[in-house]
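The values are calculated or read from the model by the stated rules, or taken from the named source; none is laboratory data. Given the structure is predicted, the values throughout are model-derived calculations rather than measurements. All Cβ positions, glycine included, derive from the backbone under ideal geometry; neighbour counts span all protein chains shown.
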Amino acid sequence: MFVVCGEALFDVFAAGDTPTGMALDARIGGSPFNVAVGLQRLGQPVAFMGGVSRGFLGERLLAALRAEGVKEDCVALLDAPTTLSLIGLDAQGVPSYSFYGEGCADRLLPMATLDTVPAHTQAIHVGSYAMVVEPVASTQRALIEQHHQQRVIAYDPNVRLNVEPRLERWRETLDWMAARTHLLKVSDEDLGLLYPGVPHAELAARWRAAGVCAVVVTRGGEGAQAWTAQGQLTIAPVRTEVVDTVGAGDTFQAAMLTALAERGVLSPTALPDVALAAWEEVLNFAARAAAITCSRRGADLPRRHDVN
């Protein structure tokens with residue numbers, strides 16, 4: 001069982017001009033929400049933990065969880081709005097984001113929700129802006145403190161400077177998480193924002209020294225790199241016709257966790273001993289899954305038969 005904790009929101013795309021303005025296409029999203037759906041679609045049991053509005057948008061988010069089979073035992077229903085993320089795409093399909101989330105449900109996850117973590121949980125994934133905005137950041141840190149010694153903690157910073165523009169806040173969070181994270185996945189784009197000019201190998205060595213079992217850096221069209229207790233490896237990209245890259249990193253994370261779980265190594269004691277050959281298989285599986293998402297509009301994550 002996985003628990004994925006963080007934001008649930010709507011990604012709102014421009015859908016063309018109308019005579020009186022602009023049409024908008026609102027799609028369910030949020031990085032952790034996407035990871036939860038991705039895990040379920042790949043055959044992994046998962047519960048989503050997050051604050052969800054009681055309004056009609058929150059009801060739609062819950063309906064999506066139910067339709068996918070994601071457990072909602074850890075969801076907190078709140079009298080607050082749903083965050084909206086307006087997305088513009090450039091000519092290459094790369095997204096830019098504008099968030100409208102102050103005072104919204106995903107930022108208000110109460111501490112009491114931590115009591116709902118299933119006893120048979122083997123891994124907890126956190127990430128994105130819910131780790132750096134309050135009060136949800138404090139709630140998630142409490143979650144990590146309670147569980148990092150017994151369960152695998154996976155973290156993807158997924159930096160969004162238009163939500164929290166202070167780079168030092170993201171860096172401080174990453175440093176705090178490094179001592180409590182077993183699997184750290186971060187994009188080269190995020191590293192360029194947080195640590196411009198610093199070699200990825202140097203950063204990976206720093207985080208591994210702090211306690212991270214495996215550091216995985218995704219590089220978009222250049223593939224991915226990983227640093228583990230067994231050494232370093234690089235995988236090639238999977239070529240695809242890109243529609244947009246929304247949800248690609250979330251897909252990579254869900255697929256990587258799935259592949260590790262299927263190998264029976266998703267535990268704090270087993271993860272450091274995973275051989276490089278196994279890591280290569282895991283990362284190639286994750287890259288194939290992410291490429292499928294890139295070939296679709298929005299965060300439409302693949303199912304297991306798609307990846308196979």
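If you check Arg141, Arg160, Arg208 for being modelled with pLDDT under 95, charged (D, E, K, R) and not in a strand (DSSP E or B), only one passes: Arg160. Look through region 163-177, keep the residues that are in a helix (DSSP H, G or I) and either under 11 Å from Asp190 (Cα atoms) or in contact (Cβ under 8 Å) with a residue 60 or more places away in the chain (or both), and return whichever of them is farthest from the chain's Cα centre (by Cα). Per the criteria, the residue is Leu167.
With respect to Gly264, is the statement that it is surrounded by 19 or more Cβ atoms within 10 Å (Cβ to Cβ) and not in a helix (DSSP H, G or I) true? Answer is no for this residue.
Taking region 229-247 as the range and being touching a helix residue (DSSP H, G or I) at 6+ places or on another chain (Cβ under 6 Å) and either of a type in the set (S, T, N, Q) or surrounded by 24 or more Cβ atoms within 10 Å (Cβ to Cβ) (or both) as the test, the residues that pass are Gln230, Thr240, Thr245, Gly247. For region 105-127, filtering for residues that are of a type in the set (Lys, Arg) and in contact with a Lys or Arg (Cβ under 7 Å, 6 or more places away or on another chain) leaves 0.
Selection of region 183-217 for residues being over 13 Å from Val159 (Cβ atoms) and β-branched (Val, Ile, Thr) yields Val198, Val212, Val215, Val216, Val217.
Yes or no, residue by residue, for (1) crowded, with 16+ Cβ neighbours inside 10 Å; (2) of a type in the set (Phe, Trp, Tyr); (3) in a loop (DSSP other than H, G, I, E, B):
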site: Gln44; (1), (2), (3): yes, no, yes
site: Gly51; (1), (2), (3): yes, no, no
site: Glu59; (1), (2), (3): no, no, no
site: Leu65; (1), (2), (3): yes, no, no
site: Leu77; (1), (2), (3): no, no, no
site: Pro81; (1), (2), (3): yes, no, yes
site: Ser85; (1), (2), (3): yes, no, no
site: Gly88; (1), (2), (3): no, no, no
site: Ala91; (1), (2), (3): no, no, yes
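Restricting the first member to region 105-119 and to residues that are touching a residue at least 60 places away in the same chain (Cβ under 8 Å) and of a type in the set (Asp, Glu), and the second to residues that are surrounded by 12 or more Cβ atoms within 10 Å (Cβ to Cβ) and not in a helix (DSSP H, G or I), the beta-carbon pairs closer than 6 Å and six or more apart or on different chains are Asp106/Glu7; Asp106/Ala8; Asp106/Gly50; Asp106/Gly51; Asp106/Thr83. Please determine, by comparing only the residues of region 178-192 that are assigned to a loop (DSSP other than H, G, I, E, B) and touching a helix residue (DSSP H, G or I) at 6+ places or on another chain (Cβ under 6 Å), which one is nearest to Ala286 (Cα to Cα). Among them, the one singled out is His182. Would you be able to say whether some residue in region 84-98 is under 20 Å from Leu161 (Cβ atoms) and free of Cβ contacts under 8 Å to residues at least 40 places away in the same chain? Looking through region 84-98, at least one residue is under 20 Å from Leu161 (Cβ atoms) and free of Cβ contacts under 8 Å to residues at least 40 places away in the same chain. Taking region 39-63 as the range and being closer than 26 Å to Glu134 by Cα and among the small types (Gly, Ala, Ser) as the test, the residues that pass are Ala47, Gly50, Gly51, Ser53, Gly55, Gly58.
Of all the residues in region 100-112, those that are of a type outside the set (Gly, Ala, Ser) and either surrounded by 18 or more Cβ atoms within 10 Å (Cβ to Cβ) or touching a Pro at 6+ places or on another chain (Cβ under 7 Å) (or both) number 5.
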